[in-house]
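The block underneath contains the structure these notes are about, expressed in structure tokens.
The values are calculated or read from the model by the stated rules, or taken from the named source; none is laboratory data. None of these values were measured; they are calculated from a predicted model. Cβ sites come from the backbone with ideal geometry, for glycine too, and all protein chains shown count toward neighbours. SASA here: full protein model, heavy atoms, side chains in, ligands and nucleic acids out. Shrake-Rupley method; radii C 1.70, N 1.55, O 1.52, S 1.80 Å.
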2 protein chains.
Amino acid sequence: MLIPSLGIIGGMGPQAGIDVCGKIIAETVAQTDQEHLPFILFSFPESISDRTAFLKGQVATNPAHAIASLLLKMEDLGVEAACLACNTAHAPPIFDIIIKLLQNKQSKLELKNIVDETGLYIKKYHPEIKQLGILSTSGTYHSKLYNKLVSYKINPVYLCPSEQEKLHQAIYSKETGIKANAGIPVEGAKKTLYKKANSLIEMGAEAILLACTELPLVFTESCYMGKPLLDPSRILARAMIQAHAPSKIKPHGATIF
Amino acid sequence: MLIPSLGIIGGMGPQAGIDVCGKIIAETVAQTDQEHLPFILFSFPESISDRTAFLKGQVATNPAHAIASLLLKMEDLGVEAACLACNTAHAPPIFDIIIKLLQNKQSKLELKNIVDETGLYIKKYHPEIKQLGILSTSGTYHSKLYNKLVSYKINPVYLCPSEQEKLHQAIYSKETGIKANAGIPVEGAKKTLYKKANSLIEMGAEAILLACTELPLVFTESCYMGKPLLDPSRILARAMIQAHAPSKIKPHGATIF
């Protein structure tokens, strides 16, 4: 039984995997259950070492190995296009190794990259944006992952390290962080996130990139203080639909962005 | 690579599959990504024929065959306990065939049943409930799926057919139904659902079962008019955690029920 389908590597965190699946459903034109696209979600949180901890040198195992092995397993099941539901996993020390491991096995899997898809999306739908504020975990921040947007003529705007650390805690703190509260943001975490978005706007950001899958749980509208909010997970979900059934992708702006 | 894990058959509809996954995450005691449970979600909506249409005789193919084949594939991947994210798929003409097909292949998979888990849950946590009002789609209603609760000494209380049809429309109507409005219930639909819950209470219901995955979007508290609201999807999610890591299940009542 091989069903040509889409594959999502979740578990990084688990909620983020579901989030991308939900956005694939939300961005698909379908009037019945049966018209929705086929997909497989693998959520193996324990098997994949923490991305930020690896990038900081606190953990020796590169999560790339576990991720590549899950992707190859998906390919065996019929998956043709796949994605990683985690921004930090796209940092070159992880993502580039995944690509190499897939190539070593002669994989034909089309692995979407969240940064490239974001660059392509902005060029197509928001060509006026030159300064893009980045809200993310410290893993993504230190990896300077979104620096690659420069090749799309978009300058990423980052917080200073101490502000970034406060933002990271609003996501990761074991007491008040979004991750520890099953995706239900507590008031303190929300307030911190709004303050950090304000800082980026003061620094010239013309739009804000919600570059951590937990952030759209707090920023639920299409704009914040008049600046567009862009959700790379939703952009990635749209790229997945594009790969499998381009005629089924909703028009840009049909859903909240 | 075999990772002992949980399996969810989604796609019936796709949102319901994600819903059960989200509830497994929400009901798990975990402070880091890595502490969450491993699971696989298969969402193949096109491969599984419509459950209600099959039960009504409008479609000849029993969805049991596609479901059993997906479950066996999951077992090959290491899945030990699985569930179906769909009330209607538990109707005996479908569910019993799935069990038979699994037995034919000497499957060791533990397939949870949403009705039995609901019965066991009520016996354990709400033993006082003898009359249980059932809010559901007409597919679940006509299958009389929850009649099996009688074996747990719980009497299901149903709406009359004309009231049931109005309830179904509040979920399915292409203008005002919950499904057509991206899960954001419009006032008219809400009002209908409250009226139907009132009817069940007038008929003697001591608690209300939200036996359709869209209903908890309207009934967001743990009680309605002083009667407990029970969500079978959440009960099923808890049964999955119980099967894999009983020590990680949140105490009863820690989340909204």
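Below is a table of values for the structure above.
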quantity: Extension gain, B:Asn155 back to B:Gln58 (0.36 nm per residue minus Cα-Cα distance, nm); calculated: 31.9 nm
quantity: Coil-residue trypsin sites (Lys or Arg not before Pro) of the range A:1-87, DSSP, other Cβ within 10 Å capped at 13; calculated: A:Lys56
quantity: Other-chain or far-sequence residues with amide H under 5 Å of B:Asn155's (modelled H); calculated: B:Gln131, B:Leu132
quantity: 5 angstrom amide H check on A:Leu135, placed H, neighbours 5+ away; calculated: A:Leu209, A:Ala211
quantity: Loop-located GluC sites (Glu not before Pro) in the range B:110-166 whose Cβ has at most 15 other Cβ within 10 Å (DSSP); calculated: B:Glu128
quantity: FRET E, pair B:Gln31, A:Lys130, Förster distance 51 Å, beta-carbon r, rounded to 0.05; calculated: 0.80
quantity: Trypsin sites (Lys or Arg not before Pro) within the range A:145-223: DSSP coil, no more than 13 neighbouring Cβ in 10 Å; calculated: A:Lys153, A:Lys174
quantity: A:Lys174-A:Glu202 pseudo-label distance in nm [points 7 Å out on the Cα-to-Cβ vector]; calculated: 3.3
quantity: Antiparallel DSSP beta bridges within chain A, percent to nearest 5; calculated: 10
quantity: Convex hull of Cα atoms in the protein assembly as shown, direction-averaged projection (nm²); calculated: 23.4
quantity: Under-5 Å amide H pairs with B:Ala82, H placed in peptide plane, nonlocal only; calculated: B:Gly7, B:Glu110, B:Leu111, B:Lys112
quantity: In nm, spacing of pseudo-spin labels at B:Ile99 and A:His252 (7 Å Cα→C-beta vector); calculated: 5.3
quantity: Heavy-atom accessible surface that B and A bury in contact, both chains counted, 1.4 Å, Å² to 100; calculated: 3200
quantity: Å² per residue, accessible surface of the protein assembly as shown at 1.4 Å; calculated: 40
quantity: Distance (nanometres) between label positions extended 7 Å along Cα→Cβ at B:Asn147 and A:Leu120; calculated: 5.3
quantity: Pair-distance profile P(r), taking every C-alpha pair of chain B, with 5 angstrom steps and integer %; calculated: 1, 6, 13, 18, 20, 18, 13, 8, 3, 1, 0
quantity: Shape category assigned to the range A:1-134 from the gyration tensor of Cα positions, a/c cut at 1.5; calculated: oblate
quantity: Cα gyration tensor shape for the range A:48-122, rounded if a/c is under 1.5, else prolate or oblate; calculated: oblate
